[in-house]
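Student: Have a look at the structure that comes next, please.
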Amino acid sequence: MEFSCFLLLFVAFIIDLGECQSNGCAEFPCGARGPVIRFPFRVNSQPEHCGYPGFNFSCTDTNDTVVELPNSVKLFVKRIDYKSHVLQLYDPAHCIPKQLRRLNLSSSPFHFEEDSPEDQTLSSGESSSTGLTDFVFFNCSQREVKFRFILCLSSQKHQVYAFDKRDDLMDLPLSSCTKMYTLRSIPNTRVLGDDEKNLELKWSRRVCGHCEARGKKCRLKNNSTALETECFLEGALSKLAITGELSWSYKILFIWEM
């Protein structure tokens, strides 16, 4: 009976040790309802090797997951699709069009989902359109039914509209509207759609490839100077530890019993 209990505890220890060695960094959510954070992402409080450079999150006092994008654009993380490499974000102030004015993804590892290189190749091998458009924003004194009304940027004193630059320039509301600014290479759905709260970004397949889609996890390669990633089967090392070490422990216990 004592032998069985000790053996069971030893197996549990080896399993735990193997999991720690194979993973290296614990995965966890900021809150009970938040997305699970694991490589290539990490929380700022974790060691740098736990995530890929630029894939940093932080946890708020209210247990929300936050990503900070270039030009100090902070958005909350709603969902992480590790298989499709999609990051679903939302603005707690419910105004993505306002955030887009400061957002610059040129130095970010993320890009608009509509601008995904992996999704722009047709079956014929040709490239499809990116789905990105330049928009001009106007402050108007009267109702302009031809343009997209941006509710979250408007008030009782002024109404903000977005003009798609691909449309006829003759339709520009010069008489009752004043130009505010231009946003370049913005997804149509984020301006012309009804959703002013959510935003989806993607990250390149060069980071982790299809690891999660194949039922594996991802990590940085050991001793790699090029920040290469590799897939690994979670739990494989712990099984090796059990088969390699358990027989040795069993022999010692058996001799002691003799």
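Student: Pop a pseudo-label 7 angstrom from the Cα along the beta-carbon direction at both residue 26 and residue 179 and give the gap in nm to one decimal.
Tutor: Output for this residue pair reads 5.5 nm.
Student: Report the net charge of residues surrounding residue 56, where surrounding means a beta-carbon distance below 10 angstrom and charges are Lys +1, Arg +1, Asp -1, Glu -1.
Tutor: -1
Student: Could you rank 81, 168, 195 by how accessible they are, 1.4 Å probe, largest area first?
Tutor: Listed by decreasing accessible area, they come as 168, 195, 81.
Student: Could you tell me the calculated FRET efficiency between residue 223 and residue 33, based on Cβ-Cβ distance and R0 = 35 angstrom, to the nearest 0.05?
Tutor: In this case the efficiency is close to 0.35.
Student: What is the spin-label model distance, in nm, from residue 132 to residue 58 if the labels are put 7 Å beyond Cα along the C-beta direction?
Tutor: If labels sit at residue 132 and residue 58, their model points lie 2.7 nm apart.
Student: Quick one: of 146/197; 98/146; 98/197, which pairs are farther than 18 Å apart, Cα to Cα?
Tutor: As for pairs spanning more than 18 Å Cα to Cα, those are 146/197; 98/146.
Student: May I ask for the net charge around residue 180, where only other residues with Cβ less than 12 Å from the Cβ of residue 180 are counted and Lys, Arg are +1 while Asp, Glu are -1?
Tutor: Every neighbour counted, the sum reads +3.
Student: Once phi is turned into θ = phi - 60°, what whole-Hz ³J(HN,Hα) does the Karplus curve with 6.51, -1.76 and 1.60 give for every residue of the stretch 74-80, x standing for Gly and Pro?
Tutor: Ordered by residue, 3J(HN,Hα) equals 9, 10, 8, 8, 8, 7, 10 Hz.
Student: Also: So, R0 is 30 Å and r is the distance between the beta-carbons of residue 74 and residue 151; what FRET efficiency does that work out to, to 0.05?
Tutor: After rounding to 0.05, the efficiency reads 0.90.
The values are calculated or read from the model by the stated rules, or taken from the named source; none is laboratory data. Computed from a predicted structure; not experimentally measured. With ideal geometry, Cβ positions are generated from the backbone for all residues, glycine too; neighbour counts draw on all protein chains shown. The protein model used for the area step is the full one, side chains on, heavy atoms only, and it has no ligands, DNA or RNA in it. Shrake-Rupley method; radii C 1.70, N 1.55, O 1.52, S 1.80 Å.
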